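Worksheet for the structure shown next.
The values are calculated or read from the model by the stated rules, or taken from the named source; none is laboratory data. This is a predicted model, so every value here is computed, not measured. All Cβ positions, even for glycine, are placed from backbone atoms using ideal geometry, and neighbour counts span all protein chains on display.
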């Protein structure tokens, strides 16, 4: 899926995906805290996405909690599997695989890093 600029304005750029998904990208004078997820992506196969991004030198975050597997960099919760990494500006980005069939059926199509 390609993200195309849908509206360029003084305050930022709205991007739109082919499935109607949208997000706003805007300049900020603040500094990213990296303490919470600032953008998330739904993916079909989180393990495959993590492996693919690692091959492209992406480093994933590590967390000290029982749900987190440091070998795979994936946390498993009821209904979801998640992994996080930071971009070059320090923004915390997340990927989630929905494992609950009912929840997964209500979301837009998943993204792929391939």
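Six or more apart or on different chains, Cβ under 9 Å: which pairs go from a residue in segment 74-97 that's touching a residue at least 24 places away in the same chain (Cβ under 8 Å) and at negative phi to one that's crowded, with 18+ Cβ neighbours inside 10 Å and in a loop (DSSP other than H, G, I, E, B)? Could you list them?
Taking only residues 6 or more apart or on different chains, the pairs are 83/73; 84/73; 85/73; 97/110.
Only residues that are surrounded by fewer than 16 Cβ atoms within 10 Å (Cβ to Cβ) and more than 19 Å from residue 91 (Cβ to Cβ): list them for segment 35-53, please.
44, 45, 47, 48, 51, 52
Give me the pairs, please: first residue somewhere in segment 38-59 and at positive phi and in a helix (DSSP H, G or I), second residue anywhere and modelled with pLDDT of 95 or more and surrounded by 18 or more Cβ atoms within 10 Å (Cβ to Cβ), beta-carbon distance under 7 Å, and either six or more positions apart or on two chains.
none
Restricting to segment 1-21, give me the number of residues that are surrounded by 11 or more Cβ atoms within 10 Å (Cβ to Cβ) and either at pLDDT 80 or above or in a strand (DSSP E or B) (or both).
7
Every residue, every condition in (1) modelled with pLDDT under 95; (2) out of contact with any helix residue (DSSP H, G or I) (no Cβ under 6 Å at 6 or more places or on another chain); (3) not in a loop (DSSP other than H, G, I, E, B), yes or no:
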{"site": "23", "(1), (2), (3)": "yes, yes, yes"}
{"site": "28", "(1), (2), (3)": "yes, yes, no"}
{"site": "34", "(1), (2), (3)": "yes, yes, no"}
{"site": "72", "(1), (2), (3)": "no, yes, no"}
{"site": "94", "(1), (2), (3)": "yes, yes, yes"}
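Any chance segment 36-49 includes a residue that's over 29 Å from residue 6 (Cα atoms) and at pLDDT 85 or above? Quick ask: steps written out before the conclusion?
The initial filter retains those residues of segment 36-49 that are over 29 Å from residue 6 (Cα atoms), namely 47-48.
From what's left, at pLDDT 85 or above: 47-48.
Yes, segment 36-49 contains a residue that is over 29 Å from residue 6 (Cα atoms) and at pLDDT 85 or above.
So if I check each of 83, 110, which one is in contact with a helix residue (DSSP H, G or I) (Cβ under 7 Å, 6 or more places away or on another chain) and either under 23 Å from residue 3 (Cβ atoms) or at pLDDT below 90 (or both)? Don't jump to the end; show me each part of the working.
Values: 110 fails: in contact with a helix residue (DSSP H, G or I) (Cβ under 7 Å, 6 or more places away or on another chain).
Checking each option against the conditions leaves just 83.
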